[in-house]
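Notes follow once the structure below has been shown.
Derivation of every value follows stated rules applied to the coordinates shown; laboratory data play no part. The structure displayed is predicted, hence computed values, not measured ones. Please note: Cβ atoms are built from the backbone with ideal geometry, for glycine as well, and neighbour counts cover all protein chains shown.
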Amino acid sequence: MGTASLSAIWRRLKPTALALIVPLLLLAFWQVATTQRWTLLIPTPGQVAEYMGDFAWGGIYDDAYSATLTTHLLASMSRVYGGFALAALFALPLGVLIGRLPTARMVLDPFLQLMRPIPVTAWLPLSMILFGLGAKSAFSLVCLGAFYPILLNTVFGVRSVDPKLFEAASMLGCKGNAQFFKVVLPAATPSIFTGLRLGLGLAWFVIVVGEMTGVPQGLGAVIMDARTLSRTDLVICGMIVIGVAGFLSDRVVVAIGNRLLRWSPTHHG
Amino acid sequence: MAEATIPIVEIKGVSKVFKLQDQTINALAGANLTIAKGEFICLIGASGCGKSTLLRIMAGFEQPTSGGALMWGKPIEGPEPSRGMVFQDYALFPWLSVRDNIGFGPISRGLSRGEVKATVDKFIDLVGLQKFANAYPHQLSGGMKQRVAIARVLANDAELVLMDEPFGALDAMTRERLQDELLDIWQRTGLTVVFVTHSIEEAIFLAGRVVVMTPGPGRIESDNAVTIPRPRDVASPEFNAVRRVLGAKLHSHHGKKAA
């Protein structure tokens, strides 16, 4: 009985234990590299951990960044989720349009494919001219980053509905426009969901660029300021917070997806 | 006119030509077929003989290039709930539970919630899926999925059930059981069934009439009544005699080509 419950505990912990192997190896390598002085410009994990404590709660260095983590995190989150929501607002209807209407596809698809390879970073100067220094520019860049994955996956989802399902629906008495809500949208939800998940990930991914627009607060702004001040410990703290926040936000999305897409054999994350 | 005098389905000189880029394919050439209410008909033939095309024309998914397809004397112009198709690959709605797949037609027809529930319960019972009512299609075996597809069509009051190699993807045991269940449902409900298959044995086991079709261009080779009393024993001498006759008709086409 003792061994049975032990193996039950192991089954519960196994995924976490396996997931921790690579981060712990990286941490160990970082520790060795910095204490062996292979590089002098990167602080040790201990120094970063100490600084993270100060960044979060203060009481150690008490400089301009002490106890400001929550402020910066909230500022970045508002841009990430705001920009993401704005992107979804444009990309979902546009994707449905391009996916279902051949004319819309012929008009819009070449243009969008042309714009897509242009990196968000390249838009930075124009965005600052168009929207000025500050939050609006940051919003627009994050929005742009999240836009394409949502759009492309929505187009793919509404286009790749099994034609047999339309036949099945029409022989069951569901015809014409009613099929959009009864067949196209539900059939496209897994792809649309994948697009939203990728879009949110990219919103986090481009937050540093988005906050190079002269906003005073935000994790990206902190990282850029810390770089000019040669505060590598602060840079690493900012990176870790973005990583963790992006990861947690993705976990929430995956949990929602697992609930919403119980029916889909390919969506059990 | 009394219903008995008008056939449920009439196929009059139906041809179907598909154009693929610069190729034209004569899928069906001058097919004639009359089906009376309550018949069980199997269409059988090699691939390319037009049996699926003929079935899809009866369903209203395809329009004939020439000739006429009629149901109760009126031209078939598009898919209708009175003609239900059972696809080989099920075509269930993967996002709906068994219950909601069967309820899809009744809901589309605008039945009240109570009527939908009563209808769904009745047909879930008919196909024996009570325990799986809330399961999603991906959780079901192939045989169970096909039961849902049959129930979905019946729940919609289909008079004519069109089946396109419905048991082709199932293992032998499941196929035999579903054949028995289908015959049982057909005998109890008085449905008209048109069943496409490439198995001679399946055709003779199920059908009152076996329509043999040959490819290139697809045409109806012969229309054969099967009079063996039911339940039919696939190992009996009568069964084998019919199998031999139909097998010869089915393969005569290949024979001609080889010679």
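Per residue of B:90-97, other chain Cβ atoms within 10 Å of the residue Cβ number 6 on average. Subtracting the Cα-Cα distance of A:LEU92 and A:LEU6 from their residue separation scaled by 0.36 nm leaves 26.2 nm. To the nearest 0.05, what FRET efficiency results for B:THR227 and A:LYS164 with a Förster distance of 30 Å applied to their C-beta separation? Efficiency, rounded to the nearest 0.05: 0.25. Size estimate for the stretch B:1-128 follows the Kirkwood approach: the inverse of mean 1/r over distinct Cα pairs works out to 17.0 Å. Approximating the spin labels as points 7 Å out from Cα along Cα→Cβ, the A:ILE129-to-A:ALA28 distance works out to 5.3 nm.
So if we plug the beta-carbon distance of A:ASN177 and B:GLN187 into 1/(1 + (r/R0)^6) with R0 = 45 Å, what FRET efficiency do we get, rounded to 0.05? Show your work: numbers first, answer last.
Working: r = 40 Å, r/R0 = 0.89.
Here the calculated transfer efficiency is 0.65.
A straight chain from B:ILE25 to B:THR5 at 0.36 nm per residue would run longer than the Cα-Cα distance by 3.6 nm.
The separation of the stretch A:90-116 from the stretch B:137-197, counted between C-alpha centres, amounts to 41 Å. Calculation over all alpha carbon pairs of the stretch B:93-158 in 10 angstrom steps from 0 returns a P(r) of 25, 59, 15, 0 percent. Under 26 Å of direct C-alpha separation, and excluding same-chain neighbours fewer than eight residues apart, B:LYS131 reaches these lysines: A:LYS182, B:LYS117, B:LYS122, B:LYS145.
What FRET efficiency do you get for B:ASN32 and B:ALA235 if R0 is 35 Å and r is their Cβ-Cβ distance, rounded to the nearest 0.05? Can you show the working numbers first?
Details: r = 34 Å, r/R0 = 0.98.
The formula returns an efficiency of 0.50 here.
Taking 10 °C and 1.306 mPa s as the conditions, I'd like the Stokes-Einstein D for the protein assembly as shown in µm²/s, using the Kirkwood hydrodynamic radius from alpha carbon pairs. Could you put the intermediate results ahead of the total?
Working: Rh = 28.3 Å.
Answer, rounded: 56 µm²/s.
Projected onto their three principal axes, the Cα atoms of the stretch B:140-233 cover extents of 37, 28, 28 Å, largest first. Counting only other chain Cβ atoms within 10 Å of each residue's Cβ, the peptide B:104-111 averages 4. Residue order for A:ARG231, A:ARG259, A:ARG100, fewest other beta carbons within 10 angstrom first, comes to A:ARG259, A:ARG100, A:ARG231.
Cβ crowding within 10 Å ranks B:ASP157, A:ASP233 as B:ASP157, A:ASP233, fewest other Cβ atoms first. In summary, the aspartates and glutamates within cross-link reach of B:LYS249, defined as a Cα separation below 19 angstrom excluding same-chain residues under 8 places away, comprise B:GLU201, B:GLU202, B:GLU221, B:ASP223, B:GLU238. The alpha carbons of chain B occupy a box of 61, 44, 42 Å along the principal axes, longest dimension given first. P(r) tail, the stretch A:43-260: Cα-Cα pairs separated by more than 21 Å, 61% of all pairs.
Across peptide A:171-180, the average count of Cβ atoms from other chains found within 10 Å of a residue's Cβ is 6. What the pair-distance distribution of the stretch A:208-269 shows, using all Cα-Cα distances binned every 5 Å from zero, is 4, 18, 18, 16, 11, 9, 9, 9, 6, 2, 0 percent.
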